[in-house]
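For reference, the structure discussed in these notes is given below.
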Amino acid sequence: MPDRPAPYPLAVITASVRPDRIGPTVTRWLLRRLDGHPADVDHIDLADLDLPGDLAGGGDAERFTKRIAHADAFVVVTPEYNHGYPGPLKTALDTAYVEWRAKPLGFVSYGGASGGLRAVEQLRAVLAELHVSTVRTGVMIPDVHAAFDEHGELRRPERAEAGLAGMLRQLDWWARTLRRGRADTPYVG
């Protein structure tokens, strides 16, 4: 039996900050599935942070940037708002800069009929500019308000569970490979 790989730091970012958001339910579902996964998970809820709207710093910018720098991989849990992603997520992406580089990122998206697909496609372009490698497989949860039961579990988990398993395999490979690459040759961008 092969040895279990050493854990790597994985930041899970909850992107929605609205008071009536369902994002925490989606994130809790994800975090339960990461229990036992070979990663040290740091949950970053953007609603708990004061990130300035400019690059001048202040608020929680330094603490947030250090957490991004520490992570070897990311999962963004994002809704789709008006065919796009939330503004606070863009602020978070812009708050850190070189700390994102040469690291992989996966998506758990949710929304109406599209399950957040349009938000993810827009984010891929932004993340490419930050030199982030987004993994192809992800989790999309359509009709999110009807998708979860009263215990925070998906009523029909098969597709989401399969997407999550694929995403985590890809994320693990990229996290370990890019960590070795950054150690061998610093990424200059």
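No value in this document is a laboratory result; all are computed from the given coordinates. What you are looking at is a predicted structure, and each value in this text was computed from that prediction instead of being measured. Every residue, glycine as well, gets a Cβ built from its backbone with ideal geometry; the counts of neighbours run over all protein chains shown.
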Ranking of His131, His43 by count of other Cβ atoms within 10 Å, fewest first:
His131, His43
Dipole magnitude (debye, nearest 20) for the chain, charges at Cβ of Lys, Arg, Asp, Glu
540
Sparse-neighbour loop sites [trypsin sites (Lys or Arg not before Pro); the stretch 122-189; at most 12 other C-beta within 10 Å; DSSP]:
Arg136, Arg155
Mind giving me the nanometre distance, one decimal, between the label points for Arg28 and Thr177, set 7 Å out from Cα along Cα→Cβ?
3.6
As I understand it, the dipole of the stretch 8-184 uses +1 on the Cβ of Lys and Arg and -1 on the Cβ of Asp and Glu, about the Cα centre. Which of Leu168, Gly111, Ile68 lies farthest toward its positive end?
Leu168
DSSP bridge pairs, the stretch 8-184: antiparallel proportion in percent, nearest 5
10
In the chain, if every C-alpha pair distance is counted and binned at 10 Å from zero, what percent goes to each bin?
9, 38, 37, 14, 2, 0
